[in-house]
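See below for the structure under consideration.
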Amino acid sequence: MFELEHTELSEKVYQLLKKMILNREFVGGQRLDLRDLALKMNISRTPLKEAVNRLVLEGLMEVKPRSGTFVTTLAITDIDQVTEIRLMIEKWCVSHLTPPKAQELAMTLERILENADAPLTADPFDFQGFLELDVKFHIEIVKIGGNPRMLEHYKSLNSFLHAARVFFFQSSDRSDAGHVEHKNIVDAIKRFDLQEASTKLEEHILKSQSIMIEILKNSGGVL
């Protein structure tokens, strides 16, 4: 029973810290005082260290010898590298669709698009709600590939990019455009035109990359 409780506490701390990083409550390059965090959370250092270790593996935190624990900065080179990996994974999954899998994926993606209408039309624009559905859209493309290890790696990449995308999706104009791009991808999948679906997917991801890099440039090159 003690181990279960300990595991649950470590998971809660991990989820809390991850949310604070992704929502920019902790910013890139910020040094975190683990002793102070443990006191504020009223927990021991052990579950906190376990949570930090997980975040280090995901690339959201880094431990520098003799310096401390820091929130990872997101630079233009990171966007470029992660985008390359995203393209390889997502385009591979689309190119290996069978007709039944394509129809299954199209139905799943259409439901996500329908759910995205609400945050898009909300006043004010619910960018956080839309962002969650955007992430889910791309995760479903990878999930259909049927490779759990690839899926976990992809989710880790999405976590790393989330901080930049929080800024990116605050623009309702770009979110509207991205929504249309998603619909075009789904339409091609429904017609089982995998070449067009792959092309539309690549254009969509590269457009996101371009805008995120522009955001980084306007922020001094890092987030």
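The values are calculated or read from the model by the stated rules, or taken from the named source; none is laboratory data. Being a predicted model, the structure only gives us computed values, none of them experimental. Positions of Cβ are backbone-derived with ideal geometry, glycine not excepted, and every protein chain shown enters the neighbour counts.
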Of the residues that make up segment 115-123, is at least one free of Cβ contacts under 8 Å to residues at least 40 places away in the same chain and of a type in the set (A, V, I, L, M, F, W, C)? yes
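This table checks each residue for (1) farther than 25 Å from HIS96 by Cβ; (2) of a type in the set (A, V, I, L, M); (3) at pLDDT 95 or above.
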residue	(1), (2), (3)
ASP126	yes, no, no
GLU140	no, no, yes
PHE169	yes, no, no
PHE192	no, no, yes
SER198	no, no, yes
GLN209	no, no, no
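If only one of VAL63, VAL13 is in a helix (DSSP H, G or I), of a type in the set (Val, Ile, Thr) and closer than 26 Å to ASN158 by Cβ, which one is it?
Values: VAL63 fails: in a helix (DSSP H, G or I).
Criteria check complete, one pass: VAL13.
For segment 187-203, how many residues are buried (at least 20 other Cβ atoms within 10 Å of the Cβ) and either in contact (Cβ under 8 Å) with a residue 24 or more places away in the chain or not in a helix (DSSP H, G or I) (or both)? It would help to see each step written out before you state the result.
First, the residues of segment 187-203 that are buried (at least 20 other Cβ atoms within 10 Å of the Cβ): 188-189, 197-198, 200-201.
Narrowing further to those that are either in contact (Cβ under 8 Å) with a residue 24 or more places away in the chain or not in a helix (DSSP H, G or I) (or both): 189, 197-198, 201.
Count: 4.
Can GLY129 be described as surrounded by 17 or more Cβ atoms within 10 Å (Cβ to Cβ) and either touching a strand residue (DSSP E or B) at 6+ places or on another chain (Cβ under 9 Å) or small (Gly, Ala, Ser) (or both)? Working first, answer last.
On the way: surrounded by 17 or more Cβ atoms within 10 Å (Cβ to Cβ): no; either touching a strand residue (DSSP E or B) at 6+ places or on another chain (Cβ under 9 Å) or small (Gly, Ala, Ser) (or both): yes.
It is false that GLY129 is surrounded by 17 or more Cβ atoms within 10 Å (Cβ to Cβ) and either touching a strand residue (DSSP E or B) at 6+ places or on another chain (Cβ under 9 Å) or small (Gly, Ala, Ser) (or both).
Can you pull out every residue in segment 15-32 that is over 15 Å from LEU216 (Cα atoms), among the aliphatic types (A, V, I, L, M) and out of contact with any Leu (no Cβ under 7 Å at 6 or more places or on another chain)? Break it down into steps so the answer makes sense when it comes.
Looking only at segment 15-32, we keep the residues that are over 15 Å from LEU216 (Cα atoms), and these are 15-23, 25-26, 30-32.
Then drop every residue that is not among the aliphatic types (A, V, I, L, M), which leaves 16-17, 20-22, 32.
Those that are over 15 Å from LEU216 (Cα atoms), among the aliphatic types (A, V, I, L, M) and out of contact with any Leu (no Cβ under 7 Å at 6 or more places or on another chain): LEU16, MET20, LEU22, LEU32.
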From the list ASP36, ASP78, exactly one residue is more than 18 Å from GLN15 (Cβ to Cβ), acidic (Asp, Glu) and over 23 Å from the mean Cα position of the chain (by Cα). Which is it? ASP36
SER95 is checked against (1) of a type in the set (S, T, N, Q); (2) in the same structural domain as GLY146 (by TED's automatic domain parsing); (3) in contact (Cβ under 8 Å) with a residue 12 or more places away in the chain; (4) under 18 Å from SER156 (Cα atoms) and fails just one. What number does that condition carry? (4)
Checked VAL27, VAL63 against criteria (at pLDDT below 90, of a type in the set (A, V, I, L, M), surrounded by fewer than 17 Cβ atoms within 10 Å (Cβ to Cβ) and at negative phi); the one match is VAL27
